[in-house]
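*Asks:* Can you keep this structure in mind? I'll have questions shortly.
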Amino acid sequence: MIRAAVLGSPIEHSLSPVLHRAAYQELGLDDWSYDRFEIDEDALPQFVAGLGPEWAGLSLTMPLKRAVIPLLDGISDTAASVEAVNTVVLTEDGRRLGDNTDIPGIVSALHERGVDRVDRATILGAGATASSALAALARICSGEVTVYVRSEARADEMQEWGERLDVAVRTADWEDAAEGLGAPLVIATTPARATDWLADRVPAGAGTLFDVLYDPWPTALAAAWSQHGGRLLGGLDLLVHQAVLQVEQMTGRHTAPLAAMRAAGEAALRSRH
């Protein structure tokens, strides 16, 4: 049996097993398994050290994306750009290589919906996902990115990320976030309910909203955005597209079954409600 798994804490909510198992079934990989493990930063080194030759890869969620880096033999330029690894591939010669599929996952999800290039963008929030969003925008945004933040410390962090990623970043107060909804692309990276107050501020002729939450879905902002005729992407879009890239890396297959993985994720979310 060839093994893969998702690690994190908390982990019970993760849809990764559903997505990866759906891919294995569609690809005829009957000898592959994919599990989830509740692992925190303290337990991670021992877990990684104990991985045998039957292991092909790991998916990592918070709080492990940075903690895993010292345990690896190398990381991709993409992962290094945001100091975050969400994918570990274990090679046949015993190396452990880290990558970040969140960044190209955001780009791929937008491309699927016809968004290939924008001249400016807005990011709502400045947490862990915001740096990946900024790295994705470095690939598709030709102009300024405005980031709405709650604190001066977060503003400084996002300015530093902008410099590292060569993106023109302007920070603004969270209370003024409604002003950013007129951008052609808005990426919401905030926790559940944090953007609810913006739902009645969605402008006419809204552009594209990428809200990285998938449960609960839709968020109040996402629902209002859709009602105003704007293009809408959700957290499941990101989750599926980054998982497609993980499956391809771990299995060596060139094309993972996007449609089957999305259908499995949608069915799993419906069953929770």
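The values are calculated or read from the model by the stated rules, or taken from the named source; none is laboratory data. Values in this document were obtained by computation on a predicted structure and should not be read as measured data. Quick reminder, even Gly has a Cβ in these numbers, built from the backbone with ideal geometry, and neighbours come from all protein chains shown. The area values use the complete protein model at the heavy-atom level, side chains included, leaving out ligands, DNA and RNA. Shrake-Rupley method; radii C 1.70, N 1.55, O 1.52, S 1.80 Å.
*Asks:* Go through I123, I2 and list them by solvent-accessible area, largest first, probe radius 1.4 Å.
*Replies:* On the way: I123 0, I2 55 Å².
Solvent-accessible surface, decreasing: I2, I123.
*Asks:* Could you check how much of the accessible area of the range 110-150 is carbon and sulfur, as a whole percent, using a 1.4 Å probe?
*Replies:* Details: 620 of 1570 Å².
Solvent-exposed carbon and sulfur of the range 110-150 make up 40 percent of the total.
*Asks:* Using a 1.4 Å probe on the protein heavy atoms, what percent of the accessible area of the range 152-212 belongs to carbon and sulfur?
*Replies:* Details: 1260 of 3040 Å².
Roughly 41 percent of what the probe reaches on the range 152-212 is carbon or sulfur.
*Asks:* How much of T129 can a 1.4 Å solvent probe reach, expressed as accessible area in Å² and rounded to 10?
*Replies:* Taking all protein chains as shown, T129 has close to 50 Å².
*Asks:* Please give the calculated 222 nm ellipticity per residue for the chain, where each DSSP H segment of at least 4 residues contributes -39500 (n - 2.57) and the sum is spread over every residue; nearest 500 deg cm²/dmol? Mind dumping the intermediate values first?
*Replies:* Values: 9 runs with 101 residues, N = 273.
When only DSSP H runs of four or more count, the value is -11500 deg cm²/dmol.
*Asks:* Now for a different question. To the nearest 10 square angstrom, how much accessible area does Y148 have with a 1.4 angstrom probe?
*Replies:* Y148 has an accessible surface of roughly 10 Å² with all protein chains in place.
*Asks:* Quick check: at a probe of 1.4 Å, how many percent of the accessible area of the range 9-107 sits on carbon and sulfur atoms? List each step's numbers first, then the result.
*Replies:* On the way: 2230 of 4580 Å².
That share works out to 49 percent.
*Asks:* Give me the number: length gained by fully extending D77 to A220, i.e. 0.36 nm times residue separation minus the C-alpha to C-alpha distance, one decimal in nm.
*Replies:* 47.9 nm
*Asks:* Keeping every protein chain present and rolling a 1.4 Å probe, give me the accessible area per residue for the range 139-273 in Å². Please report the intermediate quantities before stating the final value.
*Replies:* Working: 6360 Å² over 135 residues.
Accessible surface, normalised per residue, equals 47 Å².
*Asks:* Helix 152-165: angle to the longest alpha-carbon principal axis of the chain, degrees 0 to 90, nearest 10?
*Replies:* It works out to around 70 degrees.
*Asks:* Let me ask another. HN-Hα J couplings of the range 256-273 from phi, Karplus 6.51/-1.76/1.60, θ = phi - 60°, integer Hz, Gly and Pro as x?
*Replies:* 7, x, 3, 4, 5, 5, 5, 4, 5, x, 5, 5, 5, 5, 4, 6, 7, 10
*Asks:* Let me know the charge dipole size of the chain about its Cα centre in debye, to the nearest 20, where only the beta-carbon of Lys, Arg (+1) and Asp, Glu (-1) is charged. Intermediate results must be reported in sequence, preceding the final value.
*Replies:* Working: 22 positive and 38 negative charges, 125 e Å.
Here the size comes out at about 600 debye.
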